[in-house]
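Have a look at the structure below before the remarks.
Bear in mind that the values in this text are calculations on the coordinates, not laboratory data. Quantities reported herein were computed from a predicted structural model and do not represent experimental measurements. Backbone-built Cβ (ideal geometry, glycine too); neighbour counts: all protein chains shown.
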Ligand SMILES: [Zn+2]
């Protein structure tokens, strides 16, 4: 059976007989691995569609257990990503994140559309590309079923208006904002991880979640806010999704 689908290349590796395995994020079928004998170095249309940061249309032969790419045609190549180190680092982190959170064969069309928006924005954005990446990651939480509790204390349900002075603490270990009393209690647990940001994390997360990705092409968080948001997201994604593309060793810190 031949299937036709839009897709984004996540990664590829060499396999036997001079063939390669391409891992695609497809709109209709989710993540899938497909073999191909198309030579990447050739200038054919199909070869161009197998390059990183490319959005293409693929004709794929579906066998009993395997997929094989028959032909492909580029819809859009985000080639400018490769021309700038910041763009490249952030887009690579985005690809690594997608590859880890997507399950093989499970369609995620909303996430696919969001991914295309991200690629478009990161290829045009001139500053603050890490903010774009944070916005993308926060936007995926709902779809992935790991959205943090932001409307009330994650442990006792108290409204943030009754938390007392200062900005609400955020508990990575419980998965949401936490009132000071519950925070004291939770601190005693061995795996507790609570942040006390000196900014309103509820507004930051809600802003990321509610505005289109494009909004963040021109927005840069303040330095202190940015590094704390980064650390919280890094801990949060590694705890709930088993992926951390924001760890400092990537060298993305400004
Ligand atoms: Zn509480």
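Overview of results
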{"item": "Cα centroid separation, the range 111-162 to the range 67-85 (Å)", "result": "25"}
{"item": "In degrees, nearest ten, helix 129-143 long axis to first principal axis of the chain (Cα)", "result": "90"}
{"item": "For the chain, built as a Gaussian network whose Cα springs stay under 10 Å, the top-fluctuating residue of 47, 147, 16", "result": "16"}
{"item": "Largest-first principal axis extents of the Cα set of the range 184-251 (Å)", "result": "41, 26, 21"}
{"item": "Relative contact order of the range 64-144, defined on C-alpha pairs under 8 angstrom at six or more residues apart (%)", "result": "36"}
{"item": "Mean separation of Cα contacts under 8 Å (6+ apart) over length of the chain, as relative contact order %", "result": "16"}
{"item": "Length-normalised contact order of the range 2-77 in % [C-alpha pairs under 8 Å, at least 6 apart]", "result": "31"}
{"item": "Potential extension, residue 192-residue 80 segment - 0.36 nm per residue separation minus Cα distance", "result": "36.1 nm"}
{"item": "Rg(Cα) / (2.2 N^0.38 Å) computed for the range 150-211, rounded to two decimals", "result": "1.06"}
{"item": "Rg and Dmax [Cα atoms of the chain; Å; Rg one decimal, Dmax integer]", "result": "20.4, 66"}
{"item": "Using alpha-carbon coordinates, inclination of helix 201-210 to the longest axis of the chain, degrees", "result": "30"}
{"item": "Cα-based convex hull volume of the range 2-77 per residue, rounded to whole Å³", "result": "79"}
{"item": "Sorted by Cβ neighbour density within 10 Å, fewest at the top, the residues 118, 78, 199", "result": "199, 78, 118"}
{"item": "Extension gain from residue 62 to residue 215, taking 0.36 nm per residue of separation minus the Cα-Cα distance", "result": "51.2 nm"}
{"item": "Area projected by the alpha carbon convex hull of the range 78-193, averaged over all directions, nm²", "result": "9.6"}
